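What follows is a single structure, written as structure tokens, with notes after it.
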Amino acid sequence: MDTALTLTTDMKLVLGLVVFTMAMFLFQRIRADLVALVVLVVLGLSGLIAPEEIFGGFSGSAVMSITATMILGAGLDRTGALNRLAGWLLRRGHGIEQRLLLLTTAMAGLNSSFMQNPSVMALFMPVAARLSSRTTLTLQRLLLPIAAAIVMGGALTMVGNSPLILLNDLLQSANNNLPSGMATLEPLRMFAPLPIGVALVAASLLYFRYYGDRKLQEETRGDQVPTRTESYFAQTYGIEGDVFELSVGAESPLVGMSLGEAESLHGAPLMLALQTGEDVRLAPPADMRIWVGSVLGVMGTRESVADFAQNHFLRLSARLRHFGDLFNPSRAGISEAVIPPTSRFIGKTAAELRLRKQHGLSLLAINRDKKVIRDDVRQTKLRAGDMLVLHSIWQDLHQAAESRDFAVVTDYPKGEQRPHKFKIAMAIFGLTVLIALTSKVPVALTLMTGVVGMLLTGVLRMDEAYAAINWKTVFMMAGLIPLGWAMDSSGAAAWVAGHTVERLPEGMPVWLLELCVAVLTTAFSLVISHVGATIVMVPIAINLALAAGGNPTSFALIVALSASNNLMTSSNPVISMVTGPASYTPRQMWRVGGPLSAIYLVVVVLMVNLMSWWNAWGR
């Protein structure tokens, strides 16, 4: 390879765009997707990319693949697959913390092999909240191991994360600028990185089993992290306490009482749910009777609930064995709603309106003129402008809000759940995986086959599929892909690689150069997006491999994997999703995530070289 390339005007412009992109991502003065569109327009107007090719990123297989994975993930979510998973994990965990943590993180890693990492994290957040509410595992001990497993599991397939989805497009682009006589770089098959992903997931599980979990406990000792009520009920409403289950025995005076009569007893907690036999109700009607064997789902401070249980011969449990699904935040929770001047509710009480029986809504409090009314709230006449604090199933709230008698001001999930489509969704998902394993159909087409199946069978509606797509991610990726093409076609990547090789020590081993590439890519991913780091570094890595006598595909694969190796900062979208709910500090993230990131680099370089050696030996 010629390392004495002259720096041309086109190269300078491309490198200038790279520096501009990094600076904008680092300082966040402009949105990332807008930065990508600015770069796209400049590439087109400058002639660095031909006009007929400038929008090719939008129709590329990478963008189609990432769109399909988003829609498939939404389909699985609609069927309640993750709620079922949470129940399975609790049963298999048998109350043993380490076993439950191991199973949860392993399942998160497996899920991330076919879904976009942020989507998997979003689906596992309520799973973690439910597990935390029913065990002694705090969110701080759960969320970071889950996030790490999701990042690692993304390496199991070529569609597990955005950098790997991009890789084949960038390899095909590099073929246009390879030296004459050089073998064409073949696209990687769906499960090409599987051994690397297995090693990474195993490393993550072992790390948290023998070091990370202990470190998290040390780092968070003394911190009060909300894990029960706070996971389901926002403290901003001023309603304090935890959720408990009270089992009614034959000796309890509550036997035969209606729920309304039980609520009027001195010191009674908020009664949100009732199970009698097979009848399980959230926001049960006031005339529903309590019998021997009934279970009450109540909310209040531990002391007050314990006193009420003792006084009325009830068995108290802090673990939600009966109402775990009902109190799942993806299904139910607290909301605020305002009474408009035209409401039929004005002048009536909650008891008269029968909010629980007619609408499935439990009225917890009324915020009137900045004063919160909690005592005898069901007998308080409502006024225009009252802010109602409600607890309900989200679907019931959505239906009740259609009457226009109150306006919900809290953002809540409005999507319809379709648990009856669970088997159909799983069959389609399994068939998609089978096609990917046994055929040579392109990955994007395979995934779109699964999407079409979910749409035709009613697992998802077309509007819901559109809503599932993160258009910011799509535009950012499609806008930056031509920058990678320009790095190749202008010779900028070859120039950078050539001048880098010239400055390397004589006889430097290829594996050490690969490690340097991995470290540099990881450093880029800390300040710019993993997509941006991949697009900038893959052309450079391929040209470095050509100059140093290495395997270009191996170098490119190391870049794509290392671009996701950010377990310390919120520039990784998965990590950014857990720092707030678990109240992680930057110090905690670096002390726990930093060592794991170093292990990630070593495992990636080692496994890529082992796979290269195995393939060469097999020939």
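The values are calculated or read from the model by the stated rules, or taken from the named source; none is laboratory data. From a predicted model like this one, the values you see are computed outputs, not experimental measurements. No Cβ is skipped: glycine too gets one built from the backbone with ideal geometry, and neighbour counts run over all protein chains shown.
A search for C-beta distances below 6 Å between a residue of the stretch 190-204 that is of a type in the set (S, T, N, Q) and any residue that is buried (at least 17 other Cβ atoms within 10 Å of the Cβ), counting only pairs 6+ apart in sequence or on different chains, returns Ser204/Ala148; Ser204/Ala149; Ser204/Met152. Count of the stretch 546-571 residues, restricted to those that are buried (at least 24 other Cβ atoms within 10 Å of the Cβ) and either of a type outside the set (A, V, I, L, M) or in a helix (DSSP H, G or I) (or both), is 11.
Results for (1) modelled with pLDDT of 85 or more; (2) not small (Gly, Ala, Ser), shown as yes or no for each residue.
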| site | (1), (2) |
| --- | --- |
| Ala309 | yes, no |
| Leu316 | yes, yes |
| Leu320 | no, yes |
| Ile334 | no, yes |
| Phe345 | yes, yes |
| Leu353 | yes, yes |
| Leu361 | yes, yes |
| Asp369 | no, yes |
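No other residue among Asp396, Asp375, Asp369, Asp386 is touching a Gly at 6+ places or on another chain (Cβ under 7 Å) and not assigned by TED's automatic domain parsing to the domain that holds Ala262 apart from Asp396. Here Val459 passes the criteria (1) touching a residue at least 60 places away in the same chain (Cβ under 8 Å); (2) farther than 30 Å from Arg31 by Cα; (3) part of a helix (DSSP H, G or I) except the one numbered (3). Can Ala494 be described as within 24 Å of the chain's Cα centre (by Cα), of a type outside the set (Phe, Trp, Tyr), in a helix (DSSP H, G or I) and buried (at least 20 other Cβ atoms within 10 Å of the Cβ)? No, not satisfied.
Counting the residues of the stretch 367-385 that are more than 17 Å from Leu355 (Cβ to Cβ) and in contact (Cβ under 8 Å) with a residue 60 or more places away in the chain gives 1.
Would you mind stating whether Ile481 is under 26 Å from Phe25 (Cα atoms) and surrounded by 18 or more Cβ atoms within 10 Å (Cβ to Cβ)? Explain how you work it out, then say what you get.
On the way: under 26 Å from Phe25 (Cα atoms): yes; surrounded by 18 or more Cβ atoms within 10 Å (Cβ to Cβ): yes.
Yes; evaluated as a whole, the condition is true for this residue.
Within the stretch 378-437, take every residue that is surrounded by 14 or more Cβ atoms within 10 Å (Cβ to Cβ) and among the acidic types (Asp, Glu) and give me the one that is nearest to Val459 (Cα to Cα). Once the filter is applied, the top-ranked residue is Asp396. It is to be established whether one or more residues within the stretch 576-587 are assigned to a loop (DSSP other than H, G, I, E, B), within 30 Å of Pro187 (Cα to Cα) and among the polar types (S, T, N, Q). No, the stretch 576-587 has no match at all. Among the residues of the stretch 299-325, those that are of a type outside the set (Asp, Glu) and within 30 Å of the chain's Cα centre (by Cα) comprise Met299, Ala318, Arg319, Leu320, Arg321, His322, Phe323, Gly324. Looking only at the stretch 198-225, count every residue that is outside any helix (DSSP H, G or I) and either modelled with pLDDT of 90 or more or aromatic (Phe, Trp, Tyr) (or both) and tell me the total. Matching residues across the stretch 198-225 total 0.
Being surrounded by 24 or more Cβ atoms within 10 Å (Cβ to Cβ) and under 19 Å from Phe555 (Cβ atoms) holds for only one residue in Ile146, Ile150, Ile165, and it is Ile165. Candidates in the stretch 244-260 are the residues that are under 12 Å from His312 (Cβ atoms) and of a type outside the set (A, V, I, L, M); of these, the one that is surrounded by the fewest Cβ atoms within 10 Å (Cβ to Cβ) is Glu251.
Looking only at the stretch 34-53, which residues are under 21 Å from Trp471 (Cβ atoms) and surrounded by fewer than 18 Cβ atoms within 10 Å (Cβ to Cβ)? Spell out the reasoning first.
Applying the first criterion (under 21 Å from Trp471 (Cβ atoms)) to the stretch 34-53 yields 34-41, 43-44.
Leu34, Leu37, Val38, Val41, Gly44, listed by residue number.
The helices (runs of 4 or more DSSP H) falling completely within the stretch 28-107 that include 2 or more residues that are within 30 Å of Leu171 (Cβ to Cβ) and at pLDDT below 85 map to 32-46, 61-78.
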